[in-house]
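The values are calculated or read from the model by the stated rules, or taken from the named source; none is laboratory data. As the structure is a computational prediction, the values presented were derived from the model and not from experiment. Here the Cβ is made from the backbone with ideal geometry for all residues, glycine too, and neighbour counts use every protein chain on show.
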């Protein structure tokens, strides 16, 4: 799955996701694809992680300007290791929650 198709994955409805999963199950059963192919959610999560990693480690990436500035909190405190060093934005709307960059920044934030 290419990275260019992943940025909209936050806007997929649960119904659409179930439809794609059902299609993948039928494809596995009919042997059109590998039986060990991951679920659609897993494929999306893997692609999101891969793209975010590329954006955050390459300052010349076209999407790098969309990232927030680095956090300065970790310089003053001994905090747990995070998957990125960016400051977390304030969330305001459901549309912002679906945004690719916002989803990746808050991924595994518990």
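Here are the numbers for the structure shown:
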item: Pick from the stretch 47-99, criterion assigned to a helix (DSSP H, G or I) and loosely packed, with under 10 Cβ neighbours inside 10 Å, ranking: modelled with the highest pLDDT; result: 65
item: Residue that is farthest from the chain's Cα centre (by Cα), among those in the stretch 19-46 that are at pLDDT below 90 and not in a loop (DSSP other than H, G, I, E, B); result: 40
